[in-house]
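Engineer: Got a structure here, written out as structure tokens. Questions coming.
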Amino acid sequence: MILSIIIPMYNVSHYLEGCIKNIQIDEIDYEILMINDGSLDDSYDVANDLINVNSRIKVFSQTNKGLGGARNLGIKNANGKYILFLDADDILIKQNFQFLKEEVSEIIEFSSKNITSNNNILSEFHAKNVDEKLDGISYYNDYPSMFSACNKLYSKKFLSQHNLLFTEQIYIEDFEFNTRSFFLCKQIKSYDEQLQYFVQVENSITRNFDKQRKIKLVNDMLEVGYHIMNFTRNLTLSSLEKKFVKERLTYLTVDIIFHTLKNHLGDKFLREKINDLKKNNLYNLDYNLKHRNKDFFRKVLKFPFGLILIKFYLKKKYHEKKI
């Protein structure tokens, strides 16, 4: 078995037929693991019906554990040499995976696009063509990389060897998962070739207006910081590894402040989050970020009145009432 495609399902029955029919892979042995994560709609029944469309489908079901938990069940049951994570509303572009028969890399990164449901391009990520033998941290330092797990292929052997699973019931699980994966990876490569198109739907966490979901997003960012610190706590880190960890914490610091201000979660909430970051040695603004806008945000925050300037700018930009 060369490839396992893991598709989490939570109330996505109307996307499933299109998702499966779009998979036109041939010339390799592969499987599709459809993971019903406690759906309240008929996703489970639709998935079972789709076995008539693609006999490689295997359907699993569990109580709701979130996206990470659904992927974990898929990882544990995967038989493929490599694993690909595909969300039901996204579009698999690459269909030729014959190269995986001889592949030995632990992680392979590809290019991707964010698009609307009308196929309008929102943003594009272009990976570099990197075929030299690099470990995950060296690659991360020298080349562009997405936070997402869905523009990558992961060796099943690599994931099993290091017991790499997603943290369950949190947002930004990909960021936390890839922090550990890149830290442990000894061989990674990338191609400037589209693997998937990510379709941005209205109910995604970044486009949803539910205040409680926004609060959970920020709190989960803080929890991810705790996970990263616990992961590295008892390790003797090289200078390159320290830089990698500190840069990841810098991203979290910037994003926690940005999302708190953007979504008007309040000055008290912001003070609490900044205090939590500092108390747990997670607060960091000292490392340059590859994301240009986030790095500019970071630099402004380092000024004595930077936070005040950022507050004024975001209030003006988003034209939202303070909650």
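Engineer: Please determine whether any residue of segment 46-60 is touching a Ser or Thr at 6+ places or on another chain (Cβ under 9 Å), more than 19 Å from Leu153 (Cβ to Cβ) and of a type in the set (S, T, N, Q). Before the answer, list the steps.
Structural biologist: Taking segment 46-60 first, the residues touching a Ser or Thr at 6+ places or on another chain (Cβ under 9 Å) are 46-47.
Okay, now just the ones that are also more than 19 Å from Leu153 (Cβ to Cβ), so 46-47.
In the following step, the residues that additionally are of a type in the set (S, T, N, Q) were identified as none.
No, segment 46-60 has no match at all.
Engineer: Which is touching a Phe, Trp or Tyr at 6+ places or on another chain (Cβ under 7 Å) and of a type in the set (Asp, Glu), of Glu193, Glu176, Glu132, Glu168? Walk me through it before giving the result.
Structural biologist: Numbers: Glu176 fails: touching a Phe, Trp or Tyr at 6+ places or on another chain (Cβ under 7 Å); Glu132 fails: touching a Phe, Trp or Tyr at 6+ places or on another chain (Cβ under 7 Å); Glu168 fails: touching a Phe, Trp or Tyr at 6+ places or on another chain (Cβ under 7 Å).
After ruling out the rest, the residue left standing is Glu193.
Engineer: I'm trying to understand the selection: among the residues of segment 62-95, which are open to solvent by 40 Å² or more (accessible area, probe 1.4 Å) and basic (Lys, Arg)?
Structural biologist: Once the filter is applied, which keeps residues that are open to solvent by 40 Å² or more (accessible area, probe 1.4 Å) and basic (Lys, Arg), segment 62-95 yields Lys65, Lys76, Lys81.
Engineer: When you scan segment 154-163, how many residues do you find that are within 24 Å of Glu247 (Cβ to Cβ) and either in contact with a strand residue (DSSP E or B) (Cβ under 8 Å, 6 or more places away or on another chain) or surrounded by 20 or more Cβ atoms within 10 Å (Cβ to Cβ) (or both)?
Structural biologist: Going residue by residue through segment 154-163, those that are within 24 Å of Glu247 (Cβ to Cβ) are 154, 158-159, 162.
Cutting the leftovers down to either in contact with a strand residue (DSSP E or B) (Cβ under 8 Å, 6 or more places away or on another chain) or surrounded by 20 or more Cβ atoms within 10 Å (Cβ to Cβ) (or both) gives us 154, 158-159.
Matching residues across segment 154-163 total 3.
Results for (1) in contact with a His (Cβ under 7 Å, 6 or more places away or on another chain); (2) charged (D, E, K, R); (3) at pLDDT 95 or above; (4) over 15 Å from Tyr191 (Cβ atoms), shown as yes or no for each residue.
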position: Asn52; (1), (2), (3), (4): no, no, yes, yes
position: Ile57; (1), (2), (3), (4): no, no, yes, yes
position: Lys76; (1), (2), (3), (4): no, yes, yes, yes
position: Gln95; (1), (2), (3), (4): no, no, yes, no
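Engineer: Now a separate question. If the requirement is being over 16 Å from the mean Cα position of the chain (by Cα) and of a type outside the set (Asp, Glu), which of these qualifies: Asn151, Asn129? Walk me through it before giving the result.
Structural biologist: Working: Asn151 fails: over 16 Å from the mean Cα position of the chain (by Cα).
Criteria check complete, one pass: Asn129.
Engineer: Let me ask something else about it. Mind checking whether some residue in segment 101-119 is closer than 17 Å to Lys156 by Cα, within 16 Å of the chain's Cα centre (by Cα) and of a type in the set (Phe, Trp, Tyr)?
Structural biologist: Taking segment 101-119 and keeping what is closer than 17 Å to Lys156 by Cα, we get 101-109.
Retained after the next criterion (residues that are within 16 Å of the chain's Cα centre (by Cα)): 107-109.
The next check asks that each one be of a type in the set (Phe, Trp, Tyr); those that pass are none.
For segment 101-119, residues closer than 17 Å to Lys156 by Cα, within 16 Å of the chain's Cα centre (by Cα) and of a type in the set (Phe, Trp, Tyr): absent.
Engineer: Follow-up. Does segment 192-204 contain at least one residue that is in a helix (DSSP H, G or I) and at pLDDT 95 or above?
Structural biologist: Restricting attention to segment 192-204, the residues satisfying the condition of being in a helix (DSSP H, G or I) are none.
Checked segment 192-204: no residue is in a helix (DSSP H, G or I) and at pLDDT 95 or above.
Engineer: Residue under question is Leu309, and the condition is that it be without any contact (Cβ under 8 Å) to a residue 40 or more places away in the chain and in contact with a Gly (Cβ under 8 Å, 6 or more places away or on another chain); does it hold?
Structural biologist: Numbers: without any contact (Cβ under 8 Å) to a residue 40 or more places away in the chain: yes; in contact with a Gly (Cβ under 8 Å, 6 or more places away or on another chain): no.
So Leu309 does not fit the description; no.
Engineer: I would also like to ask the following. Conditions first: (1) within 25 Å of His291 (Cα to Cα); (2) of a type in the set (D, E, K, R); (3) open to solvent by less than 10 Å² (accessible area, probe 1.4 Å). Asp135 passes all but one, so which condition is the exception?
Structural biologist: (3)
Engineer: Another question, then. As an exercise: evaluate Asp45 against (1) open to solvent by 10 Å² or more (accessible area, probe 1.4 Å); (2) not in a helix (DSSP H, G or I) and give the number of the one condition it does not meet.
Structural biologist: Failed condition: (2).
Engineer: Considering only strands (runs of 3 or more DSSP E) fully contained in segment 110-164, which possess at least 3 residues that are charged (D, E, K, R)? First the steps, then the outcome.
Structural biologist: Numbers: elements: 121-125, 130-134, 152-155.
Output list reads 130-134.
Engineer: Kindly indicate which of Lys157, Lys65, Lys81, Lys133 is in contact (Cβ under 8 Å) with a residue 40 or more places away in the chain and in contact with a Leu (Cβ under 7 Å, 6 or more places away or on another chain). First the steps, then the outcome.
Structural biologist: Details: Lys157 fails: in contact with a Leu (Cβ under 7 Å, 6 or more places away or on another chain); Lys65 fails: in contact with a Leu (Cβ under 7 Å, 6 or more places away or on another chain); Lys133 fails: in contact with a Leu (Cβ under 7 Å, 6 or more places away or on another chain).
The match here is Lys81.
Engineer: Hey, another quick one. Can you find a residue in segment 110-128 that is touching a Ser or Thr at 6+ places or on another chain (Cβ under 8 Å), in contact (Cβ under 8 Å) with a residue 40 or more places away in the chain, surrounded by fewer than 17 Cβ atoms within 10 Å (Cβ to Cβ) and within 26 Å of Glu241 (Cβ to Cβ)?
Structural biologist: Yes, segment 110-128 has at least one match.
Engineer: Run down Ile28, Ile51 and say which single residue is surrounded by fewer than 22 Cβ atoms within 10 Å (Cβ to Cβ) and in a loop (DSSP other than H, G, I, E, B). Spell out how you get there, then give the answer.
Structural biologist: Numbers: Ile51 fails: in a loop (DSSP other than H, G, I, E, B).
Criteria check complete, one pass: Ile28.
Engineer: Evaluate the following for Lys101: is it of a type in the set (Lys, Arg), under 26 Å from Gln194 (Cβ atoms) and open to solvent by less than 70 Å² (accessible area, probe 1.4 Å)? Steps first, answer last, please.
Structural biologist: Numbers: of a type in the set (Lys, Arg): yes; under 26 Å from Gln194 (Cβ atoms): yes; open to solvent by less than 70 Å² (accessible area, probe 1.4 Å): no.
When the stated conditions are applied, Lys101 does not pass them.
The values are calculated or read from the model by the stated rules, or taken from the named source; none is laboratory data. Just so we're clear, the structure is a prediction, and the values are computed from it rather than from any experiment. All Cβ positions, glycine included, derive from the backbone under ideal geometry; neighbour counts span all protein chains shown. With ligands, DNA and RNA removed, areas are computed over all heavy atoms of the protein, side chains included. Shrake-Rupley method; radii C 1.70, N 1.55, O 1.52, S 1.80 Å.
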